[in-house]
1. Springs between alpha-carbon pairs under 10 angstrom, Gaussian network model over the chain: which of Leu50, Leu97, Leu36 fluctuates most?
2. Roughly speaking, what is the stretch gain from Lys37 to Ile96, that is 0.36 nm per residue apart minus the C-alpha to C-alpha distance, in nm to one decimal?
3. What list do you get for His102, His94, His62 if you sort them by fewest beta carbons within 10 Å?
4. So for Ser67, Ser101, Ser13, fewest C-beta neighbours within 10 Å to most, what's the order?
5. Counting other Cβ atoms within 10 Å, keep those with at most 16, restrict to DSSP loop, and tell me which trypsin sites (Lys or Arg not before Pro) in region 61-96 are left.
6. Where in the chain are the helices, taken as whole DSSP H runs, whose Cα atoms extend 24 angstrom or more along the long axis and whose Kyte-Doolittle mean reaches at least -0.5?
7. Just in region 1-93: which chymotrypsin sites (Phe, Trp or Tyr not before Pro) are loop by DSSP and have at most 16 other Cβ atoms within 10 Å?
8. Which lysines, if any, have their Cα less than 24 Å from the Cα of Lys37, not counting same-chain residues under 8 positions apart?
Amino acid sequence: MEARAVLKYARISPRKVKVVMDLIRNQDADKAMAILKFTPKSACEYMEKLLASAIANAENNHNMDVSRLYVAECFVCPGPTLKRIRPKDHGRAHRILKRTSHMTVVLKEREI
């Protein structure tokens, strides 16, 4: 039995999210939430809401015990990239890539 939560089209680079996901992978859910709360990274805001959603899904939809939950899987995939133009000197233009992410968190119950 597993509970999952997915966040799509988050306006943050997947490379930045991956660093935070590596911190919480295979941690207990409450410990992972504490790590996210006190880590000074911009991806932690997104991940904190996503983890809270996954915990709520486990509790309400799958009747899982919240005290035994752990982060079994978490991964990020790149979403569509927004292309923007920045004017540069001598009439040139440089492209700016605003990347998006699709994040997934999967929770499972630990065996006693």
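Read the figures in this text as sums done on the coordinates, not as results from a lab. The structure displayed is predicted, hence computed values, not measured ones. Counting neighbours? That spans all protein chains shown, and the Cβs are built from the backbone with ideal geometry, glycine included.
1. Leu97
2. Full-extension gain reported as 18.2 nm.
3. His94, His62, His102
4. Ser67, Ser13, Ser101
5. Lys88, Arg92
6. Sorted by number, the helices that extend far enough and score high enough are 43-61.
7. Loop-located and lightly packed - Phe38.
8. Filter leaves Lys8, Lys16, Lys18, Lys49, Lys108.
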